[in-house]
Amino acid sequence: MVEKDKRFTLGYDELNDKEFNLVGKKNANLGEMLKAGIPISPGFAVTIHANDQYLVLTGIKEQIRKLIDPPQANIPLEKAQAASKIAMELIESAEMPAAIGDVILADYHKMCEQFGKDCPVAVRSSGAASMPGQMETYLNIRGDKDLIDYVKKCWSSAYNTEAIMYRMNKGMEFLFNIGAGIPKMVNSRVSGIIFTINPINGDMSKISIDASYGLGEAVVSGLVTPDTYLVDKITLDLIKTIKGSKEIQCVYRENASDIVQTEVPEEKRKVQCMTMEEIKELARVGKLIEKYYGKAYDIEFGVDADIPFPQNIIILQVRPESVWSKKEVEAKTEVKKDPMERMLGVMMAGVKLK
């Protein structure tokens, strides 16, 4: 049996949140969610070790390392752009070694046996260090060739200009391997975000759900005004509904490995996009996630059109809530300050004003 840290893929059911060094934080979190009974889309992780061995076996690791060696803070934009162009071209153009590609495709073929030929999947970047929004995720990838190509694109996205400059300014290494998550695409009739706190005023007794038609990109990226549902966290009763305009939706492009925007029919815009039972189940799952992790979370979800309720509720990604949690920490820090110190600050401010 190959040790975990030497494997090229790991199933989500083999992971927990402490193993982010093997597969990146997003993948490790999905494994932990599955263990907690939180519904996620089935799939597997391509390991960080696989990324490293890809660079070794293709002979491009040292070429990439030497592009910026040693790392430098405040790197000029032009130098970062030049390094980015070379690194990304090297990674995307090299041939996937069979030792790695065969393992990835074997796991993908198991998914195809369960969900149909050329099962659509996502290829999600998953780094062991937090670099939010700086690496790529690709949606609706179908077939062996596209899957391998987009795994390479995912790896190469660790070398886009923004990611390079972020690492250099943080004193991190230029050479940076990441994991890739390969979950089945959710055929989302509706998608959106659950906040286990009211994001408007920080009320911890409420759960807020933003939802709109189609894939979640429309809500997450702010392309539409979604429906908003405010739910009581204790009783799970719906307190308030704000109907959004929901003008467009993101959907799979037919027989292709990308998504497109289409208009939502007028009659669907006028009605709320979710049933009462779906809203209540989403709130229940959000409450379960908050209880499991012990803090407020924001949670991406999809409601699968191909699966009956309640199995159609799929959690795509979870993140600790940051805005109100940060304010709470700042408030506690302020309270802990010596009252005489605060008074002295006021007095000094008065002196300066004079």
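Worth a mention:
- Evaluation of TYR150 against (1) outside any strand (DSSP E or B); (2) open to solvent by 30 Å² or more (accessible area, probe 1.4 Å); (3) at pLDDT below 95 (one fails), failing number: (3)
- Residue within segment 115-129 that is under 18 Å from the mean Cα position of the chain (by Cα), open to solvent by 60 Å² or more (accessible area, probe 1.4 Å), farther than 30 Å from ALA305 by Cβ and modelled with pLDDT under 95 present: no
- Members of segment 209-240 found to be open to solvent by less than 10 Å² (accessible area, probe 1.4 Å), over 22 Å from the mean Cα position of the chain (by Cα) and among the hydrophobic types (A, V, I, L, M, F, W, C), listed by number: VAL231
- The one condition in (1) over 19 Å from MET135 (Cβ atoms); (2) of a type in the set (A, V, I, L, M, F, W, C); (3) modelled with pLDDT of 95 or more; (4) under 25 Å from the mean Cα position of the chain (by Cα) that PHE20 fails to fulfil: (1)
- Counted residues, segment 13-25 - those being surrounded by fewer than 24 Cβ atoms within 10 Å (Cβ to Cβ) and assigned to a helix (DSSP H, G or I): 9
- Considering segment 174-195, the residues that are of a type in the set (S, T, N, Q) and open to solvent by 10 Å² or more (accessible area, probe 1.4 Å) include one that is farthest from LYS243 (Cα to Cα), namely ASN177.
- Residue count for segment 29-67 under the criterion of being open to solvent by 20 Å² or more (accessible area, probe 1.4 Å), more than 22 Å from ILE100 (Cα to Cα) and in a helix (DSSP H, G or I): the result is 6.
- Top-ranked residue in segment 297-329 [being over 24 Å from SER125 (Cα atoms) and of a type in the set (Gly, Ala, Ser); ranked as modelled with the highest pLDDT]: ALA305
- Subset of segment 92-110 that is more than 15 Å from HIS49 (Cα to Cα) and in contact with a Ser or Thr (Cβ under 6 Å, 6 or more places away or on another chain) - its residue that is surrounded by the fewest Cβ atoms within 10 Å (Cβ to Cβ): GLU92
- Tallying residues that are under 17 Å from ILE178 (Cβ atoms) and assigned to a loop (DSSP other than H, G, I, E, B) within segment 93-139 yields 12.
- Of the residues making up segment 250-289, those that are surrounded by 15 or more Cβ atoms within 10 Å (Cβ to Cβ) and assigned to a loop (DSSP other than H, G, I, E, B) are SER257, VAL264, GLN272, CYS273, MET274.
- Among residues of segment 146-157 that are farther than 16 Å from ILE48 by Cβ, those with a Cβ under 8 angstrom from a residue that is of a type in the set (Asp, Glu) and in a helix (DSSP H, G or I), sequence gap 6+ or separate chain, pair up as ASP149/GLU92; LYS153/GLU92.
- Which numbered condition VAL219 misses (of (1) in contact with a Pro (Cβ under 8 Å, 6 or more places away or on another chain); (2) modelled with pLDDT under 95; (3) of a type outside the set (Asp, Glu); (4) in a loop (DSSP other than H, G, I, E, B)): (4)
The values are calculated or read from the model by the stated rules, or taken from the named source; none is laboratory data. Since this is a predicted model, take the numbers as computed values, not measurements. Please note: Cβ atoms are built from the backbone with ideal geometry, for glycine as well, and neighbour counts cover all protein chains shown. Accessible surface is based on the protein model in full, side chains and every heavy atom, while ligands, DNA and RNA are left aside. Shrake-Rupley method; radii C 1.70, N 1.55, O 1.52, S 1.80 Å.
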